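See structure below.
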Amino acid sequence: MRVQETYSEFPVRAVIVMGVSGSGKSTVGARLAQQLGNAPFIDADSLHPPANIALMKSGTALTDSNRWPWLKLVREEIEKKSKSVLASSDASSNRSAGGEARDERRLLYVVCACSALKRSYRELLSRGDPGLGWTHDTVFVFVDVSKRELSRRLALRAGHFMDPALLDSQLETLEAPSVTREAAVVVHGDGAAVDEVVADAWQQIRGYVSKNSL
């Protein structure tokens, strides 16, 4: 995976908000989707199979063998949403007054919240699959939060299936993205209100795609 150096051939940009549990990626992702024109939003946690959820509830860390099938489902869901938003845009353009041509420079978005802890996971989520008829490029938003703040949030969180004791395992697994080697931007979640984090992410995403999109 590399930062795009030329304009994208794809009309949809998939924005994946990533980070460990407790970083706020789902909240940031949902609000960022609103900022990006009420884009479709996917919470990857909802795609975990029951076996994975049972492991995390019990305090057992997931392995690659647990994560790969789940990540493939996430990638497929991103592609489905990308095709859906593209079809909706085309239909809207066809209904426009005077039959004006569709603006090919208009950017369309799909937003997903997914831990995407390892670079290999991010490569799987990013790369095209000929069998799916790829329609999008991907950029990651890494929500960087200190361990102390993550521990505080997880201690207060109720109703989530992941055992807070798994935080150390997630941090050990995390391979923070390099903004010079990957299609990624970084926002800092410590001591900042959600709206501030979302605004920072929105500005960086718009700046990124203005250089790397149609």
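The values are calculated or read from the model by the stated rules, or taken from the named source; none is laboratory data. If you're wondering where the values come from, they're calculated on a predicted model, not measured in any experiment. Heads up, the Cβs are rebuilt from the backbone with ideal geometry, glycines too, and the neighbour counts pull from every protein chain shown.
Scanning segment 187-204 for residues that are buried (at least 17 other Cβ atoms within 10 Å of the Cβ) and within 17 Å of Leu150 (Cβ to Cβ) yields Val187, Gly189, Val197. If you check Val179, Val141, Val185, Val194 for being modelled with pLDDT of 80 or more and either on the phi > 0 side of the Ramachandran plot or more than 16 Å from the chain's Cα centre (by Cα) (or both), only one passes: Val194.
Run down Arg122, Arg157, Arg148 and say which single residue is among the basic types (Lys, Arg) and modelled with pLDDT under 90. Write out each step before concluding.
Details: Arg122 fails: modelled with pLDDT under 90; Arg148 fails: modelled with pLDDT under 90.
Just a single option satisfies the conditions, and that option is Arg157.
Quick one: in segment 68-82, which of the residues that are aliphatic (A, V, I, L, M) and within 17 Å of Leu117 (Cα to Cα) is nearest to the chain's Cα centre (by Cα)? Within segment 68-82, the match that is nearest to the chain's Cα centre (by Cα) is Val74. For segment 145-192, the tally of residues that are within 15 Å of Ser115 (Cβ to Cβ), of a type in the set (A, V, I, L, M) and assigned to a helix (DSSP H, G or I) stands at 5.
Got at least one residue in segment 161-180 being among the acidic types (Asp, Glu), free of Cβ contacts under 8 Å to residues at least 12 places away in the same chain and out of contact with any Ser or Thr (no Cβ under 6 Å at 6 or more places or on another chain)? Yes, that holds for at least one residue. Residue pairs whose Cβ atoms lie under 8 Å apart, separated by 6 or more positions or on different chains, with the first residue in segment 69-87 and closer than 19 Å to Asp45 by Cβ and the second of a type outside the set (A, V, I, L, M, F, W, C) and part of a helix (DSSP H, G or I), are Trp70/Asn52; Leu71/Tyr121.
Could you list, in sequence order, all residues of segment 54-67 that are surrounded by 14 or more Cβ atoms within 10 Å (Cβ to Cβ) and among the hydrophobic types (A, V, I, L, M, F, W, C)?
So in segment 54-67, the residues surrounded by 14 or more Cβ atoms within 10 Å (Cβ to Cβ) come out as 55-56, 60-62, 66-67.
Listed by number, the residues that qualify are Leu55, Met56, Ala61, Leu62.
Candidates in segment 125-137 are the residues that are on the phi < 0 side of the Ramachandran plot and surrounded by fewer than 12 Cβ atoms within 10 Å (Cβ to Cβ); of these, the one that is modelled with the lowest pLDDT is Pro130. When the residues of segment 138-150 are filtered to those that are touching a residue at least 24 places away in the same chain (Cβ under 8 Å) and surrounded by fewer than 21 Cβ atoms within 10 Å (Cβ to Cβ), the one that is farthest from Arg122 (Cα to Cα) is Glu149.
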